[in-house]
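S.K.: Please read through the structure below; I'll follow up with questions.
The values are calculated or read from the model by the stated rules, or taken from the named source; none is laboratory data. Because the structure is a prediction, the values reported are computed rather than measured. Methodologically, a virtual Cβ is constructed for each residue, glycine included, from the backbone with ideal geometry; neighbour enumeration extends over all protein chains shown.
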Amino acid sequence: MAQPLEIMYCGSSLGRIVFNESPNELTATPTAGGFKLALPANLKMSSIAVPGVTPMVSNLHGAIYVVGENQQRFDVGDIRDQSYYNAPSGEFRLDLTWSAPLAALAYCERVRDGKAPRFHIELNGELCFLARAQFLQQPPQDFPNQFSQQLIRSAPVPMPGQTAIKFSAETWVKMLRRLGVAENILVEIPLSSSPPAPWDEVWRALVEARDAFEHAGPTGWKSAATAVRLALEKWQAIEPEDHGEGWTAPKSEQKKARSKRQRIDNIRWHLLQLANYAPHSGADDWSRDDALLMLSTVSALLAIRKP
């Protein structure tokens, strides 16, 4: 169970925020290049001993992050609730919304690695008190009579807190499917900030390919393919391919004679050979990166084929 976030004032608890880790479903909606996800949480307010004075919680906001390899923190979006909540006591369903680009989901999936997702939350907010003007010792004389019925807000007090939440893998995957991203393979380009030599040359070519792809258009896509060729040639110089026993490289004339369609079919054939190895090997031989390689490749091949 997630640790509740206590709302403290002068050493006393005026309530708590409780996250629901077992919701029936997670509600998410797509945005332009991203998503919004409602985090299930409730605010429970306690009564206070001062008559006519009501606590109010507002301006809930913060960050959500995951912890990856080597305990490295990676922020995956912002959370915010635009509403305000005030009552002597009671329970409210919060309107906390997690907003982030789809790339954040791709990283969450990498960290999750097929397990139940776990998120860390840093939440901030404001606590203040509401009292009717009649409780003021000297109400202003130039205000209308109904002023005494208005609520006066005290100066806000910050209310920071931290917790961690965990959803079931089944609930999380259902959300991804409804959001429409589970069926779309997000290509995770491993662009390291400081790759060791001689791999730095491979990464430079990969960055060039990414930049060319982002420019789009036939010229940009052709430039991306050319940069990928350079990256593979640099990789080949570092680690020549091991094709296994019995494989014979085609002659130069044969390679030059192959059409684009035939070269794509070669990729499909070799992908099938990799997939054929799966039933005849142990589960420990396979990783998420292996599955992502195969799934993204076959998806791209089908996109080209357009059956």
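S.K.: Within region 284-305, which residues are small (Gly, Ala, Ser) and either part of a helix (DSSP H, G or I) or not assigned by TED's automatic domain parsing to the domain that holds Ile267 (or both)?
M.R.: Residues of region 284-305 small (Gly, Ala, Ser): 287, 291, 296, 299-300, 303.
The answer is Ala291, Ser296, Ser299, Ala300, Ala303.
S.K.: Another question, if that's okay. Can you name every residue in region 37-67 that is surrounded by fewer than 14 Cβ atoms within 10 Å (Cβ to Cβ) and under 22 Å from Ala2 (Cα atoms)?
M.R.: We begin by selecting, within region 37-67, every residue surrounded by fewer than 14 Cβ atoms within 10 Å (Cβ to Cβ); these are 47, 49-52.
Within region 37-67, no residue meets the criteria.
S.K.: Quick one: is Arg118 at pLDDT below 95, of a type in the set (D, E, K, R) and either more than 15 Å from the chain's Cα centre (by Cα) or surrounded by fewer than 18 Cβ atoms within 10 Å (Cβ to Cβ) (or both)? Don't jump to the end; show me each part of the working.
M.R.: Numbers: at pLDDT below 95: no; of a type in the set (D, E, K, R): yes; either more than 15 Å from the chain's Cα centre (by Cα) or surrounded by fewer than 18 Cβ atoms within 10 Å (Cβ to Cβ) (or both): yes.
In short, no.
S.K.: How about region 195-218: which of its residues are on the phi > 0 side of the Ramachandran plot and not hydrophobic (A, V, I, L, M, F, W, C)?
M.R.: Filtering region 195-218 for residues on the phi > 0 side of the Ramachandran plot gives 216-217.
Answer for region 195-218, where residues must be on the phi > 0 side of the Ramachandran plot and not hydrophobic (A, V, I, L, M, F, W, C): just Gly217.
S.K.: Of a type in the set (Val, Ile, Thr), outside the structural domain of Asp75 (by TED's automatic domain parsing), surrounded by 13 or more Cβ atoms within 10 Å (Cβ to Cβ) and modelled with pLDDT under 90: does that describe Val228? Steps first, answer last, please.
M.R.: Working: of a type in the set (Val, Ile, Thr): yes; outside the structural domain of Asp75 (by TED's automatic domain parsing): yes; surrounded by 13 or more Cβ atoms within 10 Å (Cβ to Cβ): yes; modelled with pLDDT under 90: no.
Spelling it out, it is not the case that Val228 is of a type in the set (Val, Ile, Thr), outside the structural domain of Asp75 (by TED's automatic domain parsing), surrounded by 13 or more Cβ atoms within 10 Å (Cβ to Cβ) and modelled with pLDDT under 90.
S.K.: Applying the selection to region 47-82, what residues are within 16 Å of Cys128 (Cβ to Cβ), of a type in the set (Gly, Ala, Ser) and outside any loop (DSSP other than H, G, I, E, B)?
M.R.: Ser58
S.K.: Could you check region 48-103 and list, in sequence order, the residues that are among the small types (Gly, Ala, Ser), closer than 19 Å to Phe167 by Cα and touching a Phe, Trp or Tyr at 6+ places or on another chain (Cβ under 8 Å)?
M.R.: Of everything in region 48-103, those that are among the small types (Gly, Ala, Ser), closer than 19 Å to Phe167 by Cα and touching a Phe, Trp or Tyr at 6+ places or on another chain (Cβ under 8 Å) turn out to be Gly68, Gly77, Ser99, Ala100.
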